[in-house]
Ligand code: SAH
């Protein structure tokens, strides 16, 4: 077996015929990054790694994995990949990299961070677009061991995650992400950086779990689901319809004015309101 580390990622893609079946590659959301300096830039967003191990979701032909390994030293690197067809390629990297590396062939949505034999964790991924939001929401469910997450999304999704109240992209995804993490957009990535280029642009986002975060988001999820169904209406009108017993005092104690629209209400105020109404 020849050492693939002597090949570029473009050559690896060719060697293993990863795009021999385009519709299959599409179904897995496979758009691969081949530019080593860009891959390094993504990993740099996760520095310093401290004592954390690393999890990558969707290693594909391992461009990002190679960049991670350059910084990983003796840290464990665990890669979760849904497409089993990539195993021979991964076996080659296992054989030649000499790294503390492991591949798990599973849908990331079925993997719980708790079940992995790892300590503190940094998550780094160029997420498949079709399930990017779903995977983020899954990761947000269990942040106890997570130091930080550096994730690439479709640009519009990245902007929704990081949006502040009072802006057009602000909504449920912003609130759920920001109540749990400090979220920051690191940089945009042109679609031309991928093979094959997707139709959409991308952005890298860094999420750092907050120390004091709510343990149960049920109330907040319930409230934001009600409110953002009608994002153009006034909050009092929306809530009065669903919760006839609602008193103005509750809004007052959260410093929310009757005529404010959901998109004008900050994350902290939503959290407080949800606990007062449903808590
Ligand atoms: N990290 C590589 C590949 C990114 S493309 C790079 O940056 O070039 C997305 C990768 O995620 C593909 O390898 C795809 O097979 C994998 N993938 C798609 N859905 C997945 C899921 N639900 N769980 C884990 N991996 C998934």
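The values are calculated or read from the model by the stated rules, or taken from the named source; none is laboratory data. For clarity, every value in this text was computed on a predicted model and none was experimentally measured. Heads up, the Cβs are rebuilt from the backbone with ideal geometry, glycines too, and the neighbour counts pull from every protein chain shown.
Criterion first (out of contact with any helix residue (DSSP H, G or I) (no Cβ under 7 Å at 6 or more places or on another chain), without any contact (Cβ under 8 Å) to a residue 24 or more places away in the chain and either away from the ligand (no atom under 12 Å from the Cβ) or more than 25 Å from residue 216 (Cβ to Cβ) (or both)) does residue 159 satisfy it? Considered against the rule, which asks whether it is out of contact with any helix residue (DSSP H, G or I) (no Cβ under 7 Å at 6 or more places or on another chain), without any contact (Cβ under 8 Å) to a residue 24 or more places away in the chain and either away from the ligand (no atom under 12 Å from the Cβ) or more than 25 Å from residue 216 (Cβ to Cβ) (or both), residue 159 comes out as no. Among the numbered criteria (1) outside any helix (DSSP H, G or I); (2) more than 7 Å from the ligand (Cβ to nearest atom), which single criterion is violated by residue 30? Unmet condition: (2).
Say whether the condition of being under 22 Å from the mean Cα position of the chain (by Cα), touching a residue at least 24 places away in the same chain (Cβ under 8 Å) and assigned to a loop (DSSP other than H, G, I, E, B) is met by at least one residue in segment 254-267. Taking every residue of segment 254-267 in turn, at least one turns out to be under 22 Å from the mean Cα position of the chain (by Cα), touching a residue at least 24 places away in the same chain (Cβ under 8 Å) and assigned to a loop (DSSP other than H, G, I, E, B). Could you grab me the full set of residues in segment 4-27 that are surrounded by 15 or more Cβ atoms within 10 Å (Cβ to Cβ) and part of a loop (DSSP other than H, G, I, E, B)? Of everything in segment 4-27, those that are surrounded by 15 or more Cβ atoms within 10 Å (Cβ to Cβ) and part of a loop (DSSP other than H, G, I, E, B) turn out to be 7, 16, 18, 19.
The single residue among 272, 241, 222 that is outside the structural domain of residue 163 (by TED's automatic domain parsing), within 29 Å of residue 146 (Cβ to Cβ) and loosely packed, with under 15 Cβ neighbours inside 10 Å turns out to be 222.
Counted as qualifying within segment 40-150 are the strands (runs of 3 or more DSSP E) with 1 or more residues that are within 19 Å of residue 5 (Cα to Cα) and away from the ligand (no atom under 11 Å from the Cβ), namely 77-81, 101-105. There is at least one residue in segment 245-253 that is surrounded by fewer than 19 Cβ atoms within 10 Å (Cβ to Cβ), touching a residue at least 24 places away in the same chain (Cβ under 8 Å) and not in a loop (DSSP other than H, G, I, E, B).
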